[in-house]
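Participant: Below you'll find the structure I mean.
Please treat every number below as a calculation from the coordinates, not as lab data. Note that this is a predicted model, so its numbers are computed, not measured. Virtual Cβ from ideal backbone geometry, glycine too; neighbours counted across all protein chains shown.
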Amino acid sequence: MKFRKKPLLFDAIQILPKSKDSLLQFLGKDAKMGWYEKDCSMTMYSIDELIVAKQGNWILKGIHGGFYGLDTELLEQQYDKVE
């Protein structure tokens, strides 16, 4: 048997300098996030893992509310921008 992944829409935010406030709003008030101004990186706990993301990476919000980190190259290879 063969399967094809169903197309899904999801929200994402890119980690950029001075994006801490936008990240906090995107992640929600209960997010446990560490922000490192010096190198514009962050850490956070998702459903089942610790996410470490650096400047330019993306944080994706999954369909069940979990968050996932992805670098720009993989995002552009695997997904099409719709907005």
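Participant: If I filter the range 1-37 down to residues being over 13 Å from the mean Cα position of the chain (by Cα) and touching a residue at least 24 places away in the same chain (Cβ under 8 Å), which single residue comes out as farthest from GLU76 (Cα to Cα)?
Facilitator: PRO17
Participant: Tell me which residues, restricted to the range 1-46, are more than 26 Å from LYS81 (Cα to Cα) and of a type in the set (Gly, Ala, Ser).
Facilitator: GLY34 - this is the single residue of the range 1-46 that is more than 26 Å from LYS81 (Cα to Cα) and of a type in the set (Gly, Ala, Ser).
Participant: Name the residue, out of GLY65, GLY34, GLY56, that is in contact with a Ser or Thr (Cβ under 8 Å, 6 or more places away or on another chain) and at positive phi.
Facilitator: One residue alone meets the criteria, GLY56.
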